[in-house]
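S.K.: The structure under discussion is supplied below as C-alpha cells; questions concerning it will follow.
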Amino acid sequence: MPGAKMKKILLVLSIVVPITAYAVDPIITDSTSRSTVDSTTTVKSPPPTAVAPAITTMNNDLCAVAASGAVQTQIFGISIGKTFVDKNCERLKLSKTLFDMGMKVAAVAVMCQDERVFTAMMNAGTPCPVDGKIGDAAREIWDANPARMPQTVKSKD
C-alpha cells in the first residue's frame, strides 16, 4: 500500500504545485517581401445611349401630334422632340365651340376656311358667309372677289 500512498501524494502535489516550463531561446522569424505588379484593367461598360424625349399629348382637348427621335454614335448622341399642331382639328373645335354658344353663322364661317367645306357649300347652293352676308348676297361677294376664296388663298402660299 505504500505505492498507493505515493501515488496520492504525487497527485496532490501535481495539483497544488504547478509545473512551469520555459523555453530557453524564443524563435523569432523576420521576413520581408517585395513585389512589383504590372497590370492592365479593361472596363467594359454599356455604350452611350441617346434617349428620345417622351412628349405626351394625351389630353383629348389638344390638337397636337407629338414626334420624337434619337441617334447615337460611339462619340456623339442627339435627341429631339417636337409637337405639330393639327389645324383641321383646331378648326373643328373652334366651330363646335361657336355653334355651342349659339353663333351658327360664325361656326359655318370657320368651317368654310377649309377649301373642301367651301367647295361643298358652294356646290350645295349655300355659299359660305362673308362680311356678315349669307345666301345670295354672300354668293355675289364671292363671285366678285374670287381671290378671297380659301382655295385661291391657299394656292398663293
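Here, each number is a calculation from the coordinates, and none is a lab measurement. Just so it is clear, the model here is predicted, and its values are computed rather than measured. As a convention, Cβ positions derive from the backbone with ideal geometry for all residues, glycine included, and neighbour counts pool all protein chains shown.
S.K.: Can you give me the number of residues within the range 80-139 that are out of contact with any Pro (no Cβ under 9 Å at 6 or more places or on another chain) and among the aromatic types (F, W, Y)?
M.R.: 2
S.K.: Are any of the residues in the range 118-127 of a type in the set (G, A, S) and surrounded by fewer than 11 Cβ atoms within 10 Å (Cβ to Cβ)?
M.R.: Going residue by residue through the range 118-127, those that are of a type in the set (G, A, S) are 120, 124-125.
Adding the requirement that they be surrounded by fewer than 11 Cβ atoms within 10 Å (Cβ to Cβ) leaves 124-125.
Among the residues of the range 118-127, at least one is of a type in the set (G, A, S) and surrounded by fewer than 11 Cβ atoms within 10 Å (Cβ to Cβ), which makes the answer yes.
S.K.: Taking the condition of being of a type outside the set (S, T, N, Q) and surrounded by 14 or more Cβ atoms within 10 Å (Cβ to Cβ), how many residues in the range 65-85 meet it? Lay out the reasoning, then the answer.
M.R.: So the first thing to find is which residues in the range 65-85 are of a type outside the set (S, T, N, Q), and the list is 65-67, 69-71, 75-78, 80-82, 84-85.
Cutting the leftovers down to surrounded by 14 or more Cβ atoms within 10 Å (Cβ to Cβ) gives us 66, 70, 77.
Looking only at that region, the number is 3.
S.K.: Within the range 79-157, which helices (runs of 4 or more DSSP H) (wholly inside it) include 1 or more residues that are more than 27 Å from A66 (Cβ to Cβ), in contact (Cβ under 8 Å) with a residue 24 or more places away in the chain and out of contact with any Lys or Arg (no Cβ under 8 Å at 6 or more places or on another chain)? Steps first, please.
M.R.: Details: elements: 87-100, 104-111, 115-123, 136-144, 150-156.
Output list reads 104-111, 115-123, 150-156.
S.K.: For A52, indicate whether it is in contact (Cβ under 8 Å) with a residue 12 or more places away in the chain, part of a loop (DSSP other than H, G, I, E, B), surrounded by 13 or more Cβ atoms within 10 Å (Cβ to Cβ) and among the small types (G, A, S).
M.R.: Details: in contact (Cβ under 8 Å) with a residue 12 or more places away in the chain: yes; part of a loop (DSSP other than H, G, I, E, B): yes; surrounded by 13 or more Cβ atoms within 10 Å (Cβ to Cβ): yes; among the small types (G, A, S): yes.
So A52 passes the test.
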